[in-house]
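The values are calculated or read from the model by the stated rules, or taken from the named source; none is laboratory data. These numbers come from a predicted model, not from an experiment. Here the Cβ positions follow ideal geometry from the backbone for every residue, glycine too, while neighbour counts run over all protein chains shown. These area figures cover heavy atoms from the full protein model, side chains too; ligands, DNA and RNA do not enter into them. Shrake-Rupley method; radii C 1.70, N 1.55, O 1.52, S 1.80 Å.
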Amino acid sequence: MKTKVKVLVLAIIFILILAESVYGQPEVPFIGEIIGNTPQDYVFSLRLLIILTILTLAPSILIMMTSFTRIIIVLSFIRNALGMQQTPPNQVIIGLALFLTFFIMAPVGQEINAEAIQPYINEEISFNEALDIAMRPIREFMFKQTRNKDLALFISISNEGEVTSLEEVPNNVLVPAFIISELKTAFQIGFVIYIPFLIIDMVVSSTLMSMGMMMLPPVIISLPFKILLFVLVDGWNLITKSLILGFN
């Protein structure tokens, strides 16, 4: 045991001796080697930092400024109304919501690509101009889905004063108004979805009580009937159609 301790102490001393020859800071800055020292190089690095920041915030932008919020909530309502907590799995629901979002937002994306991204790549417009042009279709989409009441709420809270046109509404007012409008719409759709399945649960529960089978959980009997009803009316087709047309 003492031999092992001695070996360990000698190893630590040897490492400390070698560490004396290691410099804590290089003579040439690492960033300077990569991007150079000219002002143009630093401007490029700042633009790269902005792009990386935008990519980091991309999930939040996708969730909060597109149709994703309404779709994922409605799909979650369907699963809960059917009484199946893990079917379809979360991965399937999120994947379906993402692809429906891509389908709904495709015209907006095409307009952004044609009017903002491609001109910026071809150096026809500046970065700030491209950003302003890219926001126009997104703002137009959000204005169509936002209720006037919700928009007026955030305008009054933000003390923006009198707003005479939609162009004067800032993004920090439009985005939260759009989000709560989407939440309200999604909950309204979810309430309508729950009604037929709630009726089935009530009928099955009343039938079991009248037959004296109070110890049998009604969910076991009602679940096959709810799945059968959903399949017979082609529920996925109806829900998908309603969600897509609801954004037109």
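In square nanometres and to one decimal, what's the mean projected area of the convex hull around the Cα atoms of the range 35-145?
Projected area, direction-averaged: 8.9 nm².
What whole-number distance in Å separates the alpha-carbon centres of the range 161-204 and the range 223-248?
Cα centroid of the range 161-204 versus Cα centroid of the range 223-248: 19 Å apart.
Calculate, for the range 92-248, the solvent-accessible area per residue in square angstrom, rolling a 1.4 angstrom probe over the heavy atoms of the protein chains. Spell out each step's value before the answer.
On the way: 10050 Å² over 157 residues.
The answer is 64 Å² per residue.
Filter the GluC sites (Glu not before Pro) in the range 89-185 down to the DSSP loop ones having no more than 12 other Cβ atoms within 10 Å, then list what survives.
Values: sites: Glu111, Glu115, Glu123, Glu124, Glu129, Glu140, Glu160, Glu162, Glu167, Glu168, Glu182; in loops: Glu123, Glu124, Glu160, Glu162.
The qualifying sites are Glu123, Glu124, Glu162.
Could you tell me how far the Cα centroid of the range 64-78 sits from the Cα centroid of the range 79-123, in Å?
Cα centroid of the range 79-123 versus Cα centroid of the range 64-78: 10 Å apart.
Largest first, please: the extent of the C-alpha atoms of the range 90-205 along each principal axis, to the nearest Å.
Between the extreme Cα coordinates on each principal axis of the range 90-205 lie 67, 38, 19 Å.
Taking loop as defined by DSSP and a crowding limit of 15 other beta carbons within 10 Å, which trypsin sites (Lys or Arg not before Pro) in the range 145-248 fit? Display every interim value, and only then the final one.
Values: sites: Arg147, Lys149, Lys184, Lys226, Lys241; in loops: Arg147.
The qualifying sites are Arg147.
Regarding the range 191-248, what is the average projected area of its C-alpha convex hull, in nm²?
Details: hull surface 17.4 nm².
Projected area, direction-averaged: 4.3 nm².
When the accessible area of the range 86-215 is computed with all protein chains present and a 1.4 Å probe, what percentage of it is carbon and sulfur? List each step's numbers first, then the result.
Values: 5410 of 8390 Å².
Ligands and nucleic acids excluded, carbon and sulfur give 64 percent.
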